[in-house]
Amino acid sequence: MSALIDIRDISVGFVGRDGRTREVLRNIDLAVAPGECVGLVGESGSGKSTLALAAMGYLKRGLRLLNGSAAFNDTDMFARSRQELERIRGGQLALIPQNSGQSLTPTLRIGAQLREALRLHSALPADQHAAKVIELLGHVRLPDPEAIVARFPHELSGGQQQRVAIAMALAGEPEALLLDEPTTGLDVTTQAHILELLRDIAAERGMAMVYVSHNLGAIARVCTRVVVMYAGEIVLEGTTRHVLKSPTHPYAQGLLASIPKLDDTALPIALDGRPPAPGDAGAGCAFADRCALVQDRCRTTRPQLAPSEIGGTVRCFFAEEAGRQQGQTIGAAPVRYAGGGTMLDLDDLSISYAKPRLLDQLLGRGAAVPPTVDDISISIGKGETLGLVGESGSGKSTILKTIAGLLPPAGGTVTAGDRPLPRTVEHRDPGQLRQIQLIFQNPDDSLNPRHTVADILEQPLKLYFGLSGDKLRARSAEILERVRLGAHYLGRLPSQLSGGEKQRVAIARAFAAGPEIVLCDEVTSALDVSVQAAVLDLLNDLKKTQGTTYIFVSHDLAVVRALSDRVAVLYQGRLCEIGQTHQVFGGESHPYTKVLLGAVLEPDPDAAPTLAADDVVERAPPERGCPFQRRCPRRLGAICDTDAPPWQSPEAGHAIRCHISLEDLNAD
Amino acid sequence: MLMRRLFLGAITVWIVSVIIFAGVEVLPGDACTAFLEREAQGKLLENCREAQGLNRSAAERYFDWASGALRGDLGVSANGQKSISELVGNRLRNSLLLAVCALAVGVPTAIFLGVVTGLRRDKPVDLVFSTTAVFAMTIPEFVSATVLILVFSVWLGWLPGIVLTSAGAPVSEFFPEIVLPVIVLGMVMTAHILRMVRSSVIEVMVGDYVQMAILKGVPYWHIVFRHALPNALLPAINVVALTIAWLLGGVVVIEVVFNYPGLGRMMIDAISDRDLPVVQAIALIVATVYVGVNLTADLMTMVLNPRLRTHALRGS
């Protein structure tokens with residue numbers, strides 16, 4: 001069978017400021033047969049998205065085709081006329097973009113955007129388009145398609161937007177789908193549902209898929225063949241099983257080892273260093289600088305992509321050694337909490353975003369809607385790490401903001417050490433401000449782009465310790481050293497740092513204050529897995545040396561597992577379960593915890609997620625009863641809607657809030 | 001939401017009126033001393049103050065003035081003893097005429113050129129118009145006005161160089177005298193709007209949803225008109241609004257250079273005559289126009305931008 005997509009010897013590059021041509025893709029061959037599903041993996045900057053877009057004959061502004069061809073149905077996309085391209089794109093060859101929220105035109109209704117796709121690419125008569133749109137939306141399992149048609153993109157949730165994008169791609173009945181990180185940024189449950197949907201659709205229509213992702217768990221679920229890219233070239237290619245179970249390239253091994261796993265209590269192993277910038281790969285192997293097996297030969301000669309005796313096609317001189325060495329290194333054990341006094345105490349905390357209306361204010365009434373976060377009582381020990389998990393909208397970040405004093409609570413108190421904290425930062429004294437530090441998800445937004453690393457670090461040092469002159473300089477350098485960045489980083493601006501380095505600077509800034517409590521809000525979510533492992537390792541190290549208390553918020557359960565002593569599970573701003581990490585992650589659990597755990601995608605071709613509950617987005621918590629009542633797969637009946645569930649404790653330190661008896665919870 | 005904006009707009013105008021009144025109040029002298037000049041003493045001054053009602057408390061006078069203004073009665077001028085509303089009426093119409101002509105020429109030109117330069121970014125057509133726009137923005141209006149008068153009026157003799165029509169003349173008599181002032185104003189205005197539209201178009205055209213439209217196989221012009229422009233032109237609304245307010249507020253320099261009988265020149269004349277009631281009235285009108293035009297622009301943006309519309313409806 002001839003290939004549907006046949007990319008041959010393609011090189012893509014841009015002209016740098018120095019006038020040199022820098023290659024983003026280097027001599028890549030990739031063939032995809034009809035109905036086949038191929039995964040493209042690699043760190044950011046590896047060229048995987050560029051390759052997928054090149055398959056459509058499209059290059060981002062500034063990029064140029066240097067060599068090669070990208071054939072679709074035997075004709076090079078780069079040689080086709082504009083009319084032909086317009087016919088094929090979105091027709092036989094469709095794209096599902098990374099961020100559907102930004103890829104849907106904000107001023108056009110969903111229905112109009114889907115009808116446009118039909119008008120361009122379907123043979124249906126125009127009077128049947130409206131019905132077809134409804135059918136497509138139903139097909140991607142969007143509830144109430146008739147209402148969705150009339151909405152604008154911003155009125156949908158992330159998962160719904162992604163489904164609309166899938167429906168739009170299906171409108172042209174494509175032979176091949178290109179998926180550019182289609183589930184990145186979505187909740188675990190939504191992601192699992194979308195992937196199942198894609199699998200079903202691909203199987204049902206015999207579509208080929210090229211799935212670009214840095215998420216090996218997603219790749220494992222959808223693809224039969226995986227291509228690993230590094231610095232613009234393919235370093236390993238093989239069946240999903242081969243690449244994920246017994247990779248023969250040191251980079252692929254490193255990538256796998258850096259992924260935290262649900263059933264693994266050790267920290268993931270960081271892949272040190274960073275990939276070369278485009279055009280800087282040198283004459284030898286691009287991975288040489290980061291490779292444990294590197295020899296002199298690797299630095300002078302570029303290895304060729306060749307079939308390996310133990311399976312797959314690999315670009316490495318030492319593939320066999322790499323294969324043998326597989327799985328020998330074990331990650332560091334995380335520092336565990338050994339007990340100690342209470343550091344932070346949340347007592348009956350409730351937080352509301354709803355502002356009471358003027359009339360209610362005058363009459364002294366509170367807001368009519370239930371508060372966003374309610375009834376949170378958690379006590380955290382000194383040096384303990386508490387993981388907060390839940391889907392987006394569960395109130396994780398809201399709680400952190402309130403502890404940090406950025407959002408006043410509607411009720412309840414926050415006590416740090418032995419002193420209750422004033423409600424907002426304006427009323428806290430410098431000592432209390434220093435005590436609690438917050439690290440944000442995205443360092444691009446939390447670091448001032450016009451401040452050098454030195455400026456960023458010196459601020460807390462001046463503010464809290466009154467340092468100046470040489471002392472200030474020396475202390476900044478020391479702190480930078482502690483996050484494993486050299487003093488030569490002091491003069492740099494955030495734009496001159498990689499994503500991982502920026503997040504380290506953000507961590508350094510938090511630790512410069514000498515805090516007792518550090519609040520981590522999705523600190524690794526914007527980072528590559530290899531970098532994520534390094535950041536987790538760093539946080540663990542700081543915990544060891546500083547005895548810091550952490551609250552670690554993440555939607556990634558495996559990341560939470562790696563670092564936390566205790567875990568609290570939140571749904572709609574209410575606690576469902578809290579306990580030691582091993583208690584929450586194993587044994588009897590709240591039905592919601594089970595839903596979350598079931599949706600986790602492991603980088604293992606044999607693991608399948610269990611999808612217990614629909615990925616519905618709830619706008620507000622129910623007024624009475626259990627917060628999870630509308631989605632619970634194990635709903636008992638009316639009691640769940642009317643009565644607040646009781647706390648039940650299967651073991652010391654473990655509490656589950658559910659009407660179902662402990663034996664029944666366990667029986668599942 | 002709408003009521004709230006209207007309410008805030010009204011508050012703004014009220015605060016401005018207080019500031020204007022207080023500003024005139026703290027000036028040494030009053031309308032009578034200004035009008036009577038050297039004879040401002042003794043019985044004459046007292047009589048004048050009596051007639052103008054100046055011997056009452058400031059609060060009372062403010063109330064009279066403000067409630068009069070609400071009814072459209074802006075008082076009488078100090079020197080001519082004529083109704084200010086009548087005086088200003090003609091001038092406002094003339095300024096409006098100038099503004100409408102300049103807008104009718106400038107806005108379509110600016111949007112067209114802005115879109116063209118934005119789509120043809122860094123191509124010759126973009127370089128030519130973008131550079132011209134920078135020149136048009138930086139050359140002071142009185143310079144370009146003088147040059148245009150010199151070329152078209154003095155050398156070529158195609159158009160009259162100054163306006164001789166009186167303030168109360170019918171609209172038709174302002175042509176062709178109005179052409180040169182319109183060209184000068186249009187140039188400055190076009191330049192501002194053009195640059196705004198251009199950068200907005202560039203931003204939208206490299207955006208994710210335009211890339212998605214390309215990869216969905218949407219034909220180029222379809223992308224431009226359906227996906228890009230409705231989004232790219234939203235920010236232009238506010239720039240256009242600012243320009244309108246600027247034009248209606250009386251473009252003082254242009255009106256003086258061309259001797260155009262608009263609000264701006266009336267303001268200048270009133271200031272030099274120390275006709276304080278007229279100054280007060282014009283300042284209030286200009287402030288109201290600014291608030292009104294900006295309010296309209298915000299409402300238009302809200303109607304045209306689905307994202308803001310939802311927020312407004314949910315009644316944030």
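What follows draws every value from the coordinates through simple rules; no lab data is involved. Being a predicted model, the structure only gives us computed values, none of them experimental. Virtual Cβ from ideal backbone geometry, glycine too; neighbours counted across all protein chains shown.
Note on the stretch B:115-255: Rg/Rh from Cα positions, Kirkwood definition for Rh, rounded to two decimals, is 1.10.
Counting neighbouring beta carbons within 10 Å and listing from fewest to most, the residues A:Lys462, A:Lys382 come out as A:Lys462, A:Lys382. Taking the Cα centre of the protein assembly as shown as reference, the dipole from Cβ charges on Lys and Arg (+1) and Asp and Glu (-1) amounts to some 1280 debye. The charge dipole of chain B, taken about the Cα centre with unit charges on the Cβ atoms of Lys, Arg (+1) and Asp, Glu (-1), comes to about 1280 debye, rounded to the nearest 20.
By the Cβ distance rule of under 4.7 Å, chain B has these cysteines without a partner: B:Cys101. Nearest 10 degrees, 0 to 90: what angle lies between the long axis of helix B:276-304 and the longest principal axis of chain B (Cα atoms)? On a 0 to 90 degree scale, this one is about 20.
Can you tell me how the stretch A:565-668 classifies by the Cα gyration tensor, rounded, prolate or oblate, using a/c under 1.5 as the rounded cut? It comes out oblate by the Cα gyration axes.
The share of alpha-carbon pairs in the protein assembly as shown lying farther apart than 39 Å comes to 58%. From the square roots a ≥ b ≥ c of the eigenvalues of the alpha-carbon gyration tensor of chain B, which class results: rounded (a/c under 1.5), prolate (a/b over b/c), or oblate? Here chain B falls in the oblate category. Going from the residue with the fewest nearby Cβ atoms within 10 Å to the one with the most, B:Met267, B:Met3 rank B:Met3, B:Met267.
Only lysines eight or more places from A:Lys544 in sequence, or on another chain, were considered; those with a Cα closer than 30 Å are A:Lys261, A:Lys382, A:Lys396, A:Lys401, A:Lys462, A:Lys471, A:Lys502.
Taking the DSSP beta bridges with both ends in the protein assembly as shown, the antiparallel portion is around 60 percent.
If you wrap the tightest convex hull around every Cα atom of the stretch B:167-316 and split its volume per residue, you get 161 Å³. Less than 19 Å apart at the alpha-carbon level, and either on another chain or at least 8 residues along: which lysines does that give for B:Lys123? Cross-link targets: A:Lys60. Take the Cα of A:His427, go 7 Å toward its beta carbon, and the backbone nitrogen atoms of the stretch A:397-421 under 19 Å from that spot belong to A:399-421.
Axis of helix B:58-70 versus longest Cα principal axis of chain B: the two differ by about 50°, to the nearest ten degrees. Report the residues of the stretch A:366-404 in range of a label on A:Asp541: point 7 Å along Cα→C-beta, backbone N strictly under 19 Å from it. Taking a point 7 Å out along Cα→Cβ of A:Asp541, no residue of the stretch A:366-404 has its backbone N under 19 Å. According to the Cα-based calculation, Rg over Rh for the stretch A:81-222 is 0.94, with Rh computed by the Kirkwood formula.
I want to check the label-to-label distance for B:Arg71 and A:Val15. Put each point 7 Å from Cα in the C-beta direction and report it in nm to one decimal. A separation of 7.4 nm, rounded to one decimal place. Averaged over the residues of B:200-212, the number of partner chain Cβ atoms lying within 10 Å of the residue Cβ comes to 4.
Taken one residue at a time, the phi angles of the stretch A:577-584 give Karplus couplings (6.51, -1.76, 1.60, θ = phi - 60°) of 7, 8, x, 4, 3, 5, 6, 6 Hz. Gly and Pro are set to x. When the Gaussian network model of chain B links Cα atoms closer than 10 Å, the mean-square fluctuations of B:Phe112, B:Phe129, B:Phe175 top out at B:Phe175.
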